[in-house]
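Beneath this line is the structure, given in structure tokens, with notes to follow.
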Amino acid sequence: MRDYPTVFDISLPLYEGMISYPNNPGLTIEPMRTKTSFISKLSMSSHTGTHVDVPRHVFEDGIGVDAIDPAVFVGPCRVLDMTHVKGGITVADLESAALKEGERILVKTQNSLRGFHEFYDDYIYLDGDAAEYVAARKIALFGIDSLSIKKKGSDDVRAHNELLKNGIIIFEGLDLARVMPGEYFFIGLPLKLVGLDGAPVRAVLLS
């Protein structure tokens with residue numbers, strides 16, 4: 001028999017009433033029926049649930065999600081243990097990880113351990129100095145288990161801007177509760193929405 005890899009689904013389920021970032025449109029589902037089948041009309045933010053942020057999210061002339069090389073979304077990655085962090089992930093938290101150019105990095109924090117049934121204002125985020133540190137390492141993508149990489153209500157926008165202006169794609173809303181830190185194969189393909197600032201993703205890890 002063929003051996004299949006262990007697959008960890010690290011995506012949030014999408015359903016009406018699920019958590020969303022404050023002031024973002026929530027998900028609504030309208031079941032519909034044609035003469036021969038059932039379909040559904042969906043209304044939601046491009047940043048609903050597990051999703052990707054691309055340069056167009058913060059820069060008016062930034063490229064959209066459809067223009068990103070799909071190879072970025074598929075390949076080896078590392079999950080870093082940041083469950084000790086309270087508040088923001090700092091440069092000191094990342095230094096021991098020895099980030100390398102072209103890597104895909106996901107961070108597991110207390111966000112995953114708290115769960116995703118309600119929105120917490122005090123979620124763990126990436127602080128501005130750490131964002132500059134990550135950007136300088138020229139990694140390929142950075143993923144976090146919160147609905148935003150940036151601190152809620154902060155005027156410091158470097159968590160988004162530094163990564164995206166350096167071509168580092170951001171994944172938000174990852175559920176890493178069942179995942180141990182270590183090396184995996186990452187697949188996180190977004191919908192190919194032309195020119196958009198982001199898109200929902202079905203993300204998995206293979207081991």
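Listed values, structure above:
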read-out: All positions within segment 101-126 that are touching a residue at least 40 places away in the same chain (Cβ under 8 Å) and either touching a helix residue (DSSP H, G or I) at 6+ places or on another chain (Cβ under 6 Å) or charged (D, E, K, R) (or both); value: Arg104, Lys108, Glu118, Ile124
read-out: Residue satisfying all of: in segment 169-186; among the aliphatic types (A, V, I, L, M) and within 12 Å of the chain's Cα centre (by Cα); nearest to Lys150 (Cα to Cα) among these; value: Ile170
read-out: Filter result for Ala67 (among the small types (Gly, Ala, Ser), modelled with pLDDT of 95 or more and loosely packed, with under 11 Cβ neighbours inside 10 Å); value: no
read-out: Selection status of Arg114, closer than 25 Å to Ser20 by Cβ, in contact with a Phe, Trp or Tyr (Cβ under 9 Å, 6 or more places away or on another chain) and among the basic types (Lys, Arg); value: yes
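Yes/no matrix, rows are residues, columns are (1) in contact with a helix residue (DSSP H, G or I) (Cβ under 7 Å, 6 or more places away or on another chain); (2) modelled with pLDDT of 95 or more; (3) surrounded by fewer than 21 Cβ atoms within 10 Å (Cβ to Cβ):
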position: Val134; (1), (2), (3): yes, yes, no
position: Ser146; (1), (2), (3): yes, yes, no
position: Asp155; (1), (2), (3): no, yes, yes
position: Leu163; (1), (2), (3): yes, yes, no
position: Gly173; (1), (2), (3): no, yes, no
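To keep it simple, each residue is scored yes or no on (1) within 14 Å of Leu176 (Cα to Cα); (2) basic (Lys, Arg).
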{"site": "Arg114", "(1), (2)": "yes, yes"}
{"site": "Glu118", "(1), (2)": "no, no"}
{"site": "Asp121", "(1), (2)": "no, no"}
{"site": "Arg137", "(1), (2)": "no, yes"}
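The values are calculated or read from the model by the stated rules, or taken from the named source; none is laboratory data. Remember, it's a predicted structure, so these values are computed and weren't measured experimentally. Glycine gets a Cβ as well: all are built from the backbone with ideal geometry, and neighbour counts include every protein chain shown.
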